[in-house]
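Remarks on the structure that follows.
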Amino acid sequence: MKKDGHIHSPFCPHGTKDSFEKYIEKAIELNFSEITFTEHAPLPTNFVDPTPEKDSGMLPKDLTSYLETVKELKQQYKEQITIKVGLEVDYIVGYETETRALLDIAGPVLDDAILSVHFLKHNDTYTCIDFSDEVYLDFAKQVGGVEALYNLYYDTVLKSIDAKLGRFKPRRIGHPTLVHKFQLAHGEKIQDDSRIVEILTKMQEKGYVLDANSAGLNKPFCKEPYPPMHMIEYARSIELPIVFGSDAHSVKDLHQHYETIMK
Ligand SMILES: [Zn+2]
Ligand SMILES: [Zn+2]
């Protein structure tokens with residue numbers, strides 16, 4: 001079954017305004033039998049988004065309308081394709097209570113969801129590590145180097161797997177090696193396979209699912225999926241369930257590198 005479990009939408013404040021219908025029609029054309037819209041959930045209202053435009057998550061006022069819209073489309077297209085109502089929820093250290101509260105509200109209408117780490121905490125401030133190479137490299141200096149940054153990222157992903165976020169906690173972990181996004185900008189070769197194995201093993205043991213995310217292949221400083229191919233193979237070898245995710249922020253990104261990842 002061909003499935004894309006990670007798709008953004010016109011509700012994404014930093015994505016394109018490509019319509020839901022265009023995404024869905026392209027998915028049907030590409031023979032996907034199932035897709036999940038996983039828009040960035042609103043960030044906790046007491047969390048200050050560190051990105052300049054403060055546009056990492058959906059506006060809280062848009063949540064209901066987003067969920068309703070996807071629910072209607074699901075009905076409308078049900079003869080042609082299975083559409084799941086989803087969210088990509090941020091795991092932010094220190095904001096577990098707020099995140100759980102959001103999940104308690106949205107959870108009953110969700111079919112599917114992803115838990116992702118984009119923000120890292122250091123010295124009581126938060127940095128969005130996938131925003132730009134400048135921000136990333138500067139943050140690496142602050143934390144004591146690229147290797148330390150990798151470890152901070154993986155430690156945070158491990159915490160996200162352990163976090164108590166209630167009964168609607170997402171079962172899929174988003175792009176667990178997003179910290180590789182600027183690997184060709186820093187140019188260091190970090191031996192982190194054992195850390196990634198640690199994460200995948202924990203996911204398998206605790207019944208989580210991997211977002212095998214192709215977006216990194218198109219990023220000029222990354223050129224590999226999240227996690228890298230040999231780690232996707234490793235996940236298969238330990239029978240960790242895998243769901244392909246294009247992480248499309250525009251219709252043209254749908255399906256990107258599907259054959260590479262799902263071969
Ligand atoms: Zn996004
Ligand atoms: Zn993400």
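The values are calculated or read from the model by the stated rules, or taken from the named source; none is laboratory data. What you see is a predicted model, and the numbers here were worked out from it, not measured in a lab. Here the Cβ positions follow ideal geometry from the backbone for every residue, glycine too, while neighbour counts run over all protein chains shown. Quick note on the areas: whole protein, heavy atoms, side chains included, nothing else; ligands and nucleic acids left out. Shrake-Rupley method; radii C 1.70, N 1.55, O 1.52, S 1.80 Å.
General observations
- When the stretch 13-41 is limited to residues that are touching a residue at least 60 places away in the same chain (Cβ under 8 Å), surrounded by 21 or more Cβ atoms within 10 Å (Cβ to Cβ) and not β-branched (Val, Ile, Thr), the one that is farthest from ligand 1 (Cβ to nearest atom) turns out to be PHE32.
- Within the stretch 1-44, being β-branched (Val, Ile, Thr) and outside any loop (DSSP other than H, G, I, E, B) holds for ILE7, ILE24, ILE28, ILE35, THR36, THR38.
- Selected residue (criterion: nearest to HIS40 (Cα to Cα)) from residues of the stretch 218-263 that are within 16 Å of ligand 1 (Cβ to nearest atom) and open to solvent by 40 Å² or more (accessible area, probe 1.4 Å): HIS249
- Among the residues of the stretch 53-81, those identified as polar (S, T, N, Q) and touching a helix residue (DSSP H, G or I) at 6+ places or on another chain (Cβ under 8 Å) are THR69, GLN80.
- Pick from the stretch 207-247, criterion within 15 Å of ligand 2 (Cβ to nearest atom) and in a loop (DSSP other than H, G, I, E, B), ranking: nearest to ASP192 (Cα to Cα): PRO227
To keep it simple, each residue is scored yes or no on (1) within 16 Å of ligand 1 (Cβ to nearest atom); (2) within 27 Å of ASP18 (Cα to Cα); (3) over 19 Å from the mean Cα position of the chain (by Cα).
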residue	(1), (2), (3)
GLU88	yes, yes, no
VAL93	no, no, no
VAL109	no, yes, yes
ILE114	yes, yes, no
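- Yes/no for THR82 being over 20 Å from ILE7 (Cβ atoms), open to solvent by 60 Å² or more (accessible area, probe 1.4 Å) and either of a type outside the set (A, V, I, L, M) or in contact (Cβ under 8 Å) with a residue 12 or more places away in the chain (or both): no
- Any hit, the stretch 112-121, residues being over 23 Å from ILE173 (Cα atoms), open to solvent by 40 Å² or more (accessible area, probe 1.4 Å) and either of a type in the set (D, E, K, R) or assigned to a helix (DSSP H, G or I) (or both): no
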